[in-house]
1. Might you check whether a residue that is of a type in the set (Val, Ile, Thr), touching a residue at least 12 places away in the same chain (Cβ under 8 Å), surrounded by 12 or more Cβ atoms within 10 Å (Cβ to Cβ) and in contact with a Leu (Cβ under 7 Å, 6 or more places away or on another chain) occurs anywhere in region 11-24?
2. From the residues in region 59-92 that are at pLDDT below 90 and among the polar types (S, T, N, Q), which one is nearest to Ala20 (Cα to Cα)?
3. From the residues in region 17-35 that are farther than 21 Å from His70 by Cβ and of a type in the set (A, V, I, L, M, F, W, C), which one is farthest from the chain's Cα centre (by Cα)?
4. Please go through region 41-87 and pick out each residue that is open to solvent by 60 Å² or more (accessible area, probe 1.4 Å), small (Gly, Ala, Ser) and part of a helix (DSSP H, G or I).
5. Please determine whether any residue of region 108-119 is within 19 Å of Leu26 (Cα to Cα), aliphatic (A, V, I, L, M) and at pLDDT 75 or above.
6. Name the pairs whose Cβ atoms lie under 7 Å apart, with the first residue in region 48-70 and under 13 Å from Met2 (Cβ atoms) and of a type in the set (Phe, Trp, Tyr), the second assigned to a helix (DSSP H, G or I) and open to solvent by 20 Å² or more (accessible area, probe 1.4 Å), and 6 or more positions between them or separate chains?
7. Of all residues in region 25-35, which are open to solvent by 70 Å² or more (accessible area, probe 1.4 Å) and among the acidic types (Asp, Glu)?
8. Does Tyr38 satisfy the condition of being assigned to a helix (DSSP H, G or I), surrounded by 17 or more Cβ atoms within 10 Å (Cβ to Cβ) and within 12 Å of the chain's Cα centre (by Cα)?
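The values are calculated or read from the model by the stated rules, or taken from the named source; none is laboratory data. It should be emphasised that the depicted structure is a prediction, and the values quoted were computed from it without experimental measurement. In this analysis, Cβ positions are derived from the backbone assuming ideal geometry, glycine residues included, and neighbour counts consider all displayed protein chains. Ligands, DNA and RNA are excluded from the accessible area calculation, which covers all protein heavy atoms including side chains. Shrake-Rupley method; radii C 1.70, N 1.55, O 1.52, S 1.80 Å.
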Amino acid sequence: MMVSSLQQSIKQYRKIVEHAQQLDQLLAKGDPEQLQDYTARLQTLQTEAGLNDQQLLTGIARDSVRWQAHPLFHQRMQLLEQIVEMNKLLLPRVRGMMSVTAAELTQLREGRVAVSGYHQAPNRGKKSIRGVG
């Protein structure tokens, strides 16, 4: 039971790592829809892994010395460390992009306010300077 839970956990974290490796490319494209899809999928993967981990960690707690020495546990820990490292590398980049986007939005809002301050004179029919006949 515990071995299959560890294997399932490893499988789930591999999916998360594979998915996370796409983020760098998505950030370069800057497509908001693709980023939203990416985020939704990542959330789903993390939720699934979290549910499995609740059961797994309960089992590990019963005999932590034995399970922490198990090769599958070490493999799982390496995947978790890899995810943490990826987050450390990508998070500053994501924050930087968010800052740039926020600044651009602010500029757009300020520009809209400035443009709305200019009113075009209503177009009153053109009158001829010359008198009639």
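1. yes
2. Result: Asn87.
3. Ala28
4. Result: Ala61, single match.
5. Start the filter on region 108-119 by keeping residues that are within 19 Å of Leu26 (Cα to Cα), which leaves none.
Within region 108-119, not a single residue is within 19 Å of Leu26 (Cα to Cα), aliphatic (A, V, I, L, M) and at pLDDT 75 or above.
6. Trp67/Met2; Trp67/Phe73
7. Glu33
8. yes
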